[in-house]
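Derivation of every value follows stated rules applied to the coordinates shown; laboratory data play no part. Note that the coordinates shown come from a computational prediction; the quantities given were computed from them, not determined experimentally. Virtual Cβ from ideal backbone geometry, glycine too; neighbours counted across all protein chains shown.
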Amino acid sequence: MGGAEGRARRDSRRSKRLIVLDTSVLLYAVGGEHRLRQPSLRLVDAIGAGSVDARTTPEVVQEFVHVYGRRRPREVAARHGRRYAELLAPLLVVTAVDLGQGLRLYKRHGDLGAFDAVLAATAIRTDADALVSADKGFASVRGLVHVAPGTDAFERLLA
């Protein structure tokens with residue numbers, strides 16, 4: 001996943017474009033065969049190589065570990081979680097303002113869960129260029145550019 005070397009390269013070649021990652025991308029990148037596995041893995045590799053600047057929140061890493069650890073050893077889930085936290089550092093901090101805005105988004109968007117609504121609010125506050133997720137619920141949020149893995153817009157992010 002790139003580790004300290006990937007992060008150092010990324011820090012030295014920081015671009016203006018900031019991408020926020022949702023849990024789904026992290027899961028697909030290390031999961032079993034799925035049509036979104038390769039696009040997600042390519043994105044994680046690009047982040048490690050320093051060609052893409054991406055962040056996430058501690059809560060996303062926590063959710064990844066929880067979901068991944070349901071079917072795999074906890075040790076493996078925790079190891080992947082630590083690697084993702086390092087790869088995507090510095091992690092975005094969810095503020096009380098993000099929570100308030102996220103709850104408003106949750107109320108307005110029936111297809112957006114509470115967790116995702118707060119992540120969307122955080123991405124908007126940090127002026128992210130895109131939030132990458134396989135979850136289509138993000139697409140309806142005004143002020144947020146949602147990009148799904150494997151789409152043309154996704155390929156443009158990697159270019």
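If you take every residue apart from I124 with its C-beta less than 15 Å away from the C-beta of I124, what net charge results, scoring Lys and Arg +1 and Asp and Glu -1? Residues near I124 contribute 0 overall. Convex hull volume per residue, computed on the Cα atoms of the stretch 29-90, equals 79 Å³.
For the chain, adding -39500 (n - 2.57) for each run of n ≥ 4 DSSP H residues and dividing by the number of residues yields -17000 deg cm²/dmol at 222 nm. Comparing R108, R70, R55 in a Gaussian network model of the chain, where Cα atoms under 10 Å apart are tied by springs, the biggest mean-square fluctuation is seen for R70.
Each residue of the stretch 143-159 was assigned a 3J(HN,Hα) from its phi angle through the Karplus expression (A = 6.51, B = -1.76, C = 1.60, θ = phi - 60°), giving x, 10, 8, 9, 10, 8, x, x, 8, 4, 4, 5, 4, 5, 5, 7, 6 Hz with x at Gly and Pro.
Quick one: net charge of E59's neighbours, Cβ under 11 Å, K/R +1, D/E -1?
It works out to a net charge of -4.
Remark on A130: its backbone amide H falls under 5 Å from those of L18, V20, a criterion applied only to residues 5 or more positions apart or on other chains, H modelled at 1.01 Å from N.
Here each label is just a point 7 Å from Cα along the line to Cβ, and for A114 and L91 those points are 2.0 nm apart. Both radii are taken from the alpha-carbon atoms of the chain; with Rh as the Kirkwood radius, Rg/Rh is 0.94.
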